[in-house]
Amino acid sequence: MASNNKENTKSLKSFVCSLCDISFDYHYKGRKPPFAKCILLLEDCFVLKDPFSTSGGFINVGGMCSLCGKNVCLSNECSLFYVQRFCLNCAHINLQEFPMELQREITEKMKAKDNG
């Protein structure tokens, strides 16, 4: 069992969100985690094997902004997914490209970010 833990530790890489600096270890980056064979993700993600799952579960810890390419966590303060992943900064810059409901949400998030 100890050797298995060493193998898992060796395969871990580090993900850091470019907006909030939170960091996570992850096992795989892409759309089709090899340890979750029946899953195809809609975007390239940084995923971690779920330590509590025995059936190939995983935890998505982040993705990349489809415009600027920066790593962003899935927190509401850092990114949103609408057809593709967007960091909050790129979403705000391209506000008019989003549906009206999302424009309001993005504007509220930016106000909260500026006040917090």
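The values are calculated or read from the model by the stated rules, or taken from the named source; none is laboratory data. Owing to the predicted nature of the structure, the values given are computational and were not obtained by experimental measurement. So basically every Cβ, Gly included, is an ideal-geometry build from the backbone, and we count neighbours across all protein chains shown. Accessible surface is based on the protein model in full, side chains and every heavy atom, while ligands, DNA and RNA are left aside. Shrake-Rupley method; radii C 1.70, N 1.55, O 1.52, S 1.80 Å.
Cross-chain or 8 or more residues apart, Cα under 24 Å: how many lysine pairs in the stretch 3-116 fit that? Count them up, please.
23
What distance in nm separates the two pseudo spin-label positions at Met110 and Val83, each 7 Å out from Cα along the beta-carbon direction?
In this crude label model, Met110 to Val83 measures out at 1.9 nm.
Return the Cα extents of the stretch 27-67 along principal axes one, two and three, sorted largest first, each rounded to a whole Å.
36, 17, 12
Only loop residues by DSSP count here, and only those with at most 11 other Cβ atoms within 10 Å; note down the chymotrypsin sites (Phe, Trp or Tyr not before Pro) in the stretch 42-85 that meet that. Show your work: numbers first, answer last.
Details: sites: Phe46, Phe52, Phe58, Phe81, Tyr82; in loops: Phe52.
Sparse-neighbourhood loop chymotrypsin sites (Phe, Trp or Tyr not before Pro): Phe52.
If the only charges are +1 at each Lys and Arg Cβ and -1 at each Asp and Glu Cβ, what is the size of the charge dipole of the chain around the Cα centre, to the nearest 20 debye? Intermediate results must be reported in sequence, preceding the final value.
Working: 14 positive and 12 negative charges, 90 e Å.
Charge dipole of the chain: 440 debye, to the nearest 20.
By accessible area of protein heavy atoms, probe 1.4 Å, what ranking do Cys38, Cys45 get, highest first? Can you show the working numbers first?
On the way: Cys38 135, Cys45 5 Å².
The ranking, largest first, comes out as Cys38, Cys45.
Would you work out what percent of the accessible area of the chain, with all protein chains in place, is carbon or sulfur (probe 1.4 Å)? Can you show the working numbers first?
Working: 4120 of 7620 Å².
Of the solvent-accessible surface of the chain, carbon and sulfur hold 54 percent.
Any idea of the accessible area per residue across the chain, 1.4 Å probe, to the nearest Å²? Let's see the in-between values first.
Numbers: 7620 Å² over 116 residues.
Accessible area per residue: 66 Å².
Going by a ≥ b ≥ c, the root eigenvalues of the Cα gyration tensor, does the stretch 63-116 fall in the rounded group (a/c under 1.5), the prolate group (a/b larger than b/c) or the oblate group?
Values: a/c = 1.79, a/b = 1.16, b/c = 1.54.
Oblate.
Given only helices, namely DSSP H runs of n ≥ 4 each adding -39500 (n - 2.57), what is the per-residue ellipticity at 222 nm of the chain, to the nearest 500 deg cm²/dmol? Before the final figure, lay out the partial values.
On the way: 3 runs with 31 residues, N = 116.
My calculation for the chain gives -8000 deg cm²/dmol from helical runs alone.
Taking +1 at the Cβ of each Lys and Arg and -1 at the Cβ of each Asp and Glu, which of Ser79, Phe98, Ile22 sits farthest along the dipole of the chain towards its positive end, judged by Cα position relative to the Cα centre?
Among Ser79, Phe98, Ile22, the one farthest towards the positive end of the dipole of the chain is Ile22.
Rank Val16, Val72, Val83 by accessible area, highest first, at a 1.4 Å probe radius? List each step's numbers first, then the result.
Values: Val16 65, Val72 0, Val83 110 Å².
So, going from the largest accessible area down, we get Val83, Val16, Val72.
So, taking all protein chains as they sit and a 1.4 Å probe, how much accessible area belongs to Ile22, in Å² rounded to tens?
70 Å²
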